[in-house]
Structures are given as structure tokens and as C-alpha cells.
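Remarks on the structure that follows.
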Amino acid sequence: MDLFDGSVYPYEQVVPRSEAYRKLRREIADLSRELQKELNSEEYEKVERYRNMLSDSFHLEGVAYFGEGLRLGIGIMTELYGVSSKCETDGADDPGGE
């Protein structure tokens, strides 16, 4: 199963579909090409390292956001199920519902 063998990477599979995101990505690519032309190779390498470090930090933040969201969602479901289960259990003790 993909879920258990480490083949599922939600962070890498989710891509915003908004026009604003596509526009931003185009602007980033344009600026990157511009910097590559204007900077010497050592300077551009520093820019690339900086971009990679930012990307890595965003990835780690995304993993943390996903984990926290999952924890919250499971907590909500557990609480709802617990309330629902408690109501069912309470009614089971009193067949008349009183």
C-alpha cells in the first residue's frame, strides 16, 4: 500500500490551481532567469542555495501544518464519535428513552 510504504507525499502532490499562484510562479521563473544573466556564477549559486533552503523550510512548515491539521481533525472526529457513542450508550440503558 502506498500509504504504508512511504510513497504518499501530500505536500509534493498538492499544487494550487489558482491563477494568482500560476502568475507568481511565472514571475519567480522570470526573475530567476534575469538573475542568472546578471550575476556571476558564484553569486547565482548563492541565490540558488538560498532558494533551496527556503524551499526546504517551507516543506518542513507544510509537514508541520499537515500534522497539526490531521491531529485536529482526528481530535474532532474522536470527540464527535465519543459524544455520539455516549448518547447511544445512554439510550441503550433505558429502552424507554427516559
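Derivation of every value follows stated rules applied to the coordinates shown; laboratory data play no part. Because the structure is a prediction, the values reported are computed rather than measured. Glycine gets a Cβ as well: all are built from the backbone with ideal geometry, and neighbour counts include every protein chain shown.
Key figures for this structure:
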{"quantity": "Neighbour net charge for residue 47 - beta-carbon separation under 13 angstrom, K R +1, D E -1", "calculated": "-1"}
{"quantity": "Kirkwood-based shape ratio for region 17-58, expressed as Rg/Rh from alpha carbons", "calculated": "1.06"}
{"quantity": "Rough spin-label spacing in nm, given labels placed 7 Å along Cα→Cβ, for residue 65 and residue 14", "calculated": "0.7 nm"}
{"quantity": "Net charge, residue 20 excluded, C-beta distance under 14 Å - Lys, Arg +1, Asp, Glu -1", "calculated": "+3"}
